[in-house]
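Taking it in order: structure first as structure tokens, then the write-up.
The values are calculated or read from the model by the stated rules, or taken from the named source; none is laboratory data. As the structure is a prediction and not an experimental result, all values here were calculated from the model. A quick note on method: Cβ atoms are made from the backbone with ideal geometry, for glycine too, and the neighbour counts reach across all protein chains shown. Just the protein is used for accessible areas: all its heavy atoms, side chains included, with ligands, DNA and RNA removed. Shrake-Rupley method; radii C 1.70, N 1.55, O 1.52, S 1.80 Å.
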Amino acid sequence: MRKNFILALLGIGIGGIGFGLVTPVTVLLMELNHAPSFITGSTAMAGYLSIFVFSRYTGRLIDRFGVKIILTAGLFLWMISALAHIFWYIYPLLYVVKIIMGLGGTFIFVSTEVIINYYSNETNRGKNIGLYVVILSIGVALGSLLIWTVKLGSWVPFVIGSSIVLLVFIIQSVLMDGIQIGEKKERKEKMPISAMPLFSLLSASIYGLFESSVIVVLPLYGLRNNFSSDQVSYFLASFVIGGIVILYLVGHLADKLSKYRLLLSISTLLGVLFLIPILVMNFNFLMIIFFFIGGLVPAFYTVGLNFTVERVEKRFMTQANSYFVMMYGAGTVLGPILGALLVDLNRQYGYWMFASLLCLCFYSVFRLFDGSNIR
């Protein structure tokens, strides 16, 4: 029923407020309290590690228990772990809390993406996936604008994030209907990861690396280059708002153009944009650059996922979604600590040089192949 489609969008949008608030505030607090970069990066990495580990099994859990049960379980785990962030200064505990949050996030993202794909077809899937990410980005942007609440107390943002996800948990538990994905006999079949397009796997990994590293890098980059904590929150908001404005247009293009060639073109453009923070340190100009980067980076996810759904048999949709999220998780595991170490290497251009080279390498490798045959 279309009600579930709307609820998935509503849930990911409201939940996005919590997503955009908790992790950046944690990084900000640790940097202001002079935590080593390795600790800052590795605690963020711990949450993404559980995404990598558990995402491949989430599709099978959805096949067995249904989308609603897995989604609400994910919301509950994320809500509890968000609240537990009030003990962010106890580093051993923070690693555990991040792992639980990553598990909850895995359940949430795979479940909602399965719902979006279930109610989409070849004519509107790109638009619907783009809409999904745009609404998530709106929530994340609103969350990043609430970073200032840390001035009221280090625990305040975490209570706000947990309360917001509690609201989503109640809405989904009461209003969402169960969805049967495929036939029972189909659920017994397992899709090997080798059946996934290589183009999809790498695009998911690159997006995961960028998404998780930017959350760590922007606060470190901003604070270490003498920008204020308020300006850092504006950087994050600009990055996310770019996804709201630009990404939906990319989704429309994905329904009309070759997804393979579209993503290669975007990768090339990003390779150029990532070089600009090396040359310019003006706050207003950087706001514009981060806006465009934030609008184009999620194309690795939305266009890559759209490409995946087209290439994979429909009966394996949930498992393909899980593999895609697993590779996203692989990128996110590497992103935070790599980003922190690159900023340590050089606070102004260490990370941006790497990001540019990664985009240009993605373009160069796949430009050698025929998009109609690539796997």
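Working with all protein chains in place, sort 101, 327 by solvent-accessible area computed with a 1.4 Å probe, largest first.
Largest accessible area first, the list is 327, 101.
Can you pull the semi-axes for segment 1-125, root of five times each eigenvalue of the Cα gyration tensor, sorted largest first, whole Å? Before the final figure, lay out the partial values.
Working: eigenvalues 183, 43, 30 Å².
One finds semi-axes of 30, 15, 12 Å for segment 1-125.
Viscosity 1.002 mPa s, temperature 20 °C: give me the Stokes-Einstein translational D for the chain in µm²/s, with Rh taken as the Kirkwood radius over C-alpha pairs.
Answer from the Stokes-Einstein relation: 105 µm²/s.
Okay, helix-only estimate at 222 nm for the chain: each DSSP H run of n ≥ 4 adds -39500 (n - 2.57), divide by all residues, round to 500 deg cm²/dmol; what do you get?
-27000 deg cm²/dmol
Given contacts defined as C-alpha pairs under 8 Å and at least six residues apart, what's the relative contact order of the chain, whole-number percent? Don't skip to the answer; put the middle values down first.
Numbers: 675 pairs, mean separation 110.7, N = 375.
For the chain, the relative contact order is 30 percent.
Roughly how many nanometres apart are two label points built 7 Å out from the Cα toward the Cβ at residue 346 and residue 163?
4.5 nm
Ignoring ligands, DNA and RNA, how do 322, 194 rank by accessible area with a 1.4 Å probe, largest first? If you can, show how the numbers build up before the last one.
Details: 322 0, 194 95 Å².
Highest to lowest solvent-accessible surface, that is 194, 322.
Using θ = phi - 60° and the Karplus relation 6.51 cos²θ - 1.76 cosθ + 1.60, list the HN-Hα couplings for segment 332-342 in order, rounded to whole Hz, with x at every Gly or Pro.
Taking θ as phi minus 60°, the curve returns 5, 4, 6, x, x, 6, 5, x, 5, 5, 5 Hz for segment 332-342.
What ranking of 173, 233 comes out by heavy-atom accessible area, probe 1.4 Å, highest first?
Highest to lowest solvent-accessible surface, that is 173, 233.
With θ set to phi - 60°, apply the Karplus curve 6.51 cos²θ - 1.76 cosθ + 1.60 along segment 88-95 and write out the HN-Hα couplings as whole Hz, x wherever there is a Gly or Pro.
4, 7, 9, 4, x, 5, 4, 4
Send over the semi-axes of segment 283-375's equivalent ellipsoid, whole angstrom and largest first, taken as the square roots of 5 times the C-alpha gyration tensor eigenvalues.
On the way: eigenvalues 172, 50, 41 Å².
After diagonalising the Cα gyration tensor, the semi-axes are 29, 16, 14 Å.
For the chain, what is the accessible area per residue in Å², given a 1.4 Å probe and the full set of protein chains?
Value for the chain: 40 Å² per residue.
With θ taken as phi - 60° and the coefficients 6.51, -1.76 and 1.60, list the Karplus ³J(HN,Hα) couplings across segment 350-355 in order, rounded to whole Hz; mark glycine and proline as x.
For segment 350-355, the Karplus-derived couplings read x, 6, 5, 5, 4, 4 Hz, x marking Gly and Pro.
Using a 1.4 Å probe, how large is the accessible area of residue 258, given in Å² and rounded to the nearest 10?
Solvent-accessible area, nearest 10 Å²: 60 Å².
Simple spin-label model, 7 Å along Cα-to-Cβ: residue 32 to residue 268 in nm?
Going from the residue 32 label point to the residue 268 one covers 4.4 nm.
Report relative contact order for segment 16-115 in percent, whole number only (criteria: Cα-Cα under 8 Å, sequence separation at least 6). Don't jump to the answer; show the numbers that get you there.
Details: 102 pairs, mean separation 37.9, N = 100.
About 38 percent, as a whole number.
Kindly count the pairs of lysines across the chain whose alpha carbons are less than 19 Å apart, treating pairs on different chains or eight or more residues apart as eligible.
Pairs that pass both the separation and distance tests number 11.
Spin-label point model (7 Å from Cα, Cβ direction): what's the residue 364 to residue 121 distance in nm?
Label-label distance for residue 364 and residue 121, simple model: 4.3 nm.
Would you mind telling me the share, in percent, of accessible area of the chain contributed by carbon and sulfur at probe 1.4 angstrom?
In the chain, the share of accessible area belonging to carbon and sulfur is 69 percent.
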